[in-house]
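K.L.:
Next up is a structure, given as structure tokens.
Each reported figure results from applying straightforward, stated rules to the coordinates on display, with no laboratory input. These numbers come from a predicted model, not from an experiment. Cβ sites come from the backbone with ideal geometry, for glycine too, and all protein chains shown count toward neighbours.
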Amino acid sequence: MMSEKDKMLAGELYDAEDPVLKQERLQARMHLQSYNLSNPDNIDLRSEILRKLIPESEKIRIEPPFYCDYGYNINAGDNFYANFNCVILDVCRVKIGKNVMFGPYVQIYTATHPLIASERIKGPEAGKPIIIGDNVWIGGGAIVCPGVSIGKNTTIGAGSVVTRDIPDNVFAAGNPCRVIKDL
């Protein structure tokens with residue numbers, strides 16, 4: 001039988017109130033509190049906290065405040081930069097390529113819920129992974145929805161809501177986000 005964590009990582013419906021998951025979220029929030037309250041000149045402490053929170057990533061920079069569910073489901077390539085108030089709901093895998101930049105208030109959501117109200121009120125949650133290619137720039141206030149892939153060398157305009165896959169080498173923007181031009 002699959003654990004609730006295994007179900008979560010597989011993108012199946014799971015119980016977020018599972019004691020293991022609750023403890024892991026609490027641990028992440030403790031790291032986030034330390035990170036978000038750290039002094040701006042204490043780069044070593046910030047790097048240490050990020051390594052604990054997002055263990056598969058090095059050479060990344062995230063401006064506080066930063067928020068995520070677990071941290072361990074995030075994999076960011078070298079030279080990843082996230083500006084202030086980034087939110088990554090990482091109940092599923094979030095793969096971020098190298099040389100990726102997020103403007104302020106970018107939100108990455110792998111978390112989702114059943115669409116049918118009678119199922120949703122029972123409390124199960126689910127997730128769909130997100131993949132962001134190398135050399136991507138996501139403008140401030142953009143939202144990336146569950147299950148989306150963004151191709152390499154692509155720019156997403158500020159305030160966009162990315163509800164479907166976006167190809168390589170394009171500028172895309174809007175709500176819903178759509179390709180505006182090839183780059």
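K.L.:
Mind counting the residues in the range 137-172 that are among the hydroxyl-bearing types (Ser, Thr, Tyr) and in a strand (DSSP E or B)?
P.N.:
Number of matching residues: 2.
K.L.:
Could you please tell me which pairs satisfy a Cβ distance under 6 Å, a separation of 6+ or placement on different chains, a first residue in the range 142-167 that is on the phi > 0 side of the Ramachandran plot and of a type in the set (Gly, Ala, Ser), and a second residue that is assigned to a loop (DSSP other than H, G, I, E, B) and crowded, with 16+ Cβ neighbours inside 10 Å?
P.N.:
Sorted first by the residue in the range 142-167, then by its partner, the pairs are Gly147/Lys128; Gly159/Gly141.
K.L.:
Quick check, is Asn79 in contact with an Asp or Glu (Cβ under 9 Å, 6 or more places away or on another chain), over 14 Å from Gly11 (Cβ atoms) and surrounded by fewer than 18 Cβ atoms within 10 Å (Cβ to Cβ)?
P.N.:
no
K.L.:
Next question, about the same structure. Applying the selection to the range 113-136, what residues are in a strand (DSSP E or B) and crowded, with 18+ Cβ neighbours inside 10 Å?
P.N.:
Glu125, Ala126, Gly127, Ile130, Ile132 - these are the residues of the range 113-136 that are in a strand (DSSP E or B) and crowded, with 18+ Cβ neighbours inside 10 Å.
K.L.:
Right, something else. Name every residue in the range 50-106 that is of a type in the set (Gly, Ala, Ser) and closer than 22 Å to Ile156 by Cβ, in order of residue number.
P.N.:
Ser57, Ala76, Gly77, Ala82, Gly97, Gly103 - these are the residues of the range 50-106 that are of a type in the set (Gly, Ala, Ser) and closer than 22 Å to Ile156 by Cβ.
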